[in-house]
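One structure is given below, encoded as structure tokens.
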Amino acid sequence: MPDDAPMTTDSPLRLTERHADEEGTVKYLWTLADGRRVETVFFSHHAGPGQCLSTQAGCAVGCTFCATALQRPARDLTADEIVAQAVGVDRDCAERGAEVPWRFVTLSGMGEPLLNYAHTVEAARRLYEWTSIDVVSATTSGIVPRIYQLADEDTYVQLHVSLHATQDETRRRLIPITRRWGIAEVLKAAGHFATTRERQVIVNYLLFEGVNDSPDDGRRLVELLDPELFEVHLLLWNEIPGFEFRRIGDERVAEFRHLLSGAGLMAKAMPSKGRDIQAGCGQLLAERPA
């Protein structure tokens, strides 16, 4: 990895806290120049080591299962602030003698990357230029106009769409901002992205006990998704105190995955990382509510 970071000024972040678990997942808490805070996660999975970066301080989407929704309304991070997270993690690893050739970056930490569109795309471009990573990905709740725009960018960003439901009523309960765009509109835009970029879109499907995990949900998901355009990542909810949802068991996940794959839809059950240090998907919360 090059020694020169892709920034022209000193880092706009200050490392405030660092927590690691026994599997090597590390969560970083950064303080920005204006006092706002964001979190970053370094972890490994089947694709190799990677970083999960935040694109906003807080989040305005308001997902009812996500701790970040408890934080103050979002402020967009600049491209400098997004890239500085990766630079800071890389330097921390080097200082500890644990430098790792990380393979990918996912813009799926705090915030909705497509609501901070210009800075997200610029950060992706600079990360590609700086490192030898395989891919930069971004996870969106389904900001339809920006999905179409992203399909035509010179800089490639792997698209992940957080679907989490097969019926609009359920999806609106989980992701209130999606009242503006229904499932059909989101998947049409995502399908356009997949066709334009000639690469499958990842559909994230977070399973909740008794909410979206029935055989009927599985069959509807098969009907909704063209296997030529989409691949499904099944996720387990990471518990957050005070939230109404329940984490389902591994056996139930396996059954749901088998239903999808048996119908010809590529589906993977993704392991949770960093749950013990509150670094798992949906657990990031840099500023505790008063």
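Each reported figure results from applying straightforward, stated rules to the coordinates on display, with no laboratory input. Note that this is a predicted model, so its numbers are computed, not measured. Here the Cβ positions follow ideal geometry from the backbone for every residue, glycine too, while neighbour counts run over all protein chains shown.
Averaging the Cα positions of each part gives two centres, and for the range 54-124 and the range 178-211 these lie 21 Å apart. The sum of -39500 (n - 2.57) across all DSSP H runs of n ≥ 4, divided by the residue count of the chain, sets its helix-only mean residue ellipticity at 222 nm to -9000 deg cm²/dmol. Using only side-chain charges placed at the Cβ, +1 for Lys and Arg and -1 for Asp and Glu, the dipole size of the chain relative to its Cα centre rounds to 680 debye.
In the chain, taking the dipole from charged Cβ atoms about the Cα centre, the farthest positive-side position among Pro176, Leu115, Gly35 is held by Pro176. Would you mind telling me the antiparallel percentage of the DSSP bridges in the range 13-277, rounded to 5? Looking only at bridges with both residues in the range 13-277, the antiparallel portion is about 45 percent.
Overall size of the range 13-277 from C-alpha positions, given as principal axis extents largest first: 50, 39, 33 Å.
Among residues other than Lys268 with Cβ under 14 Å from its Cβ, the summed charge is -1 (Lys and Arg +1, Asp and Glu -1).
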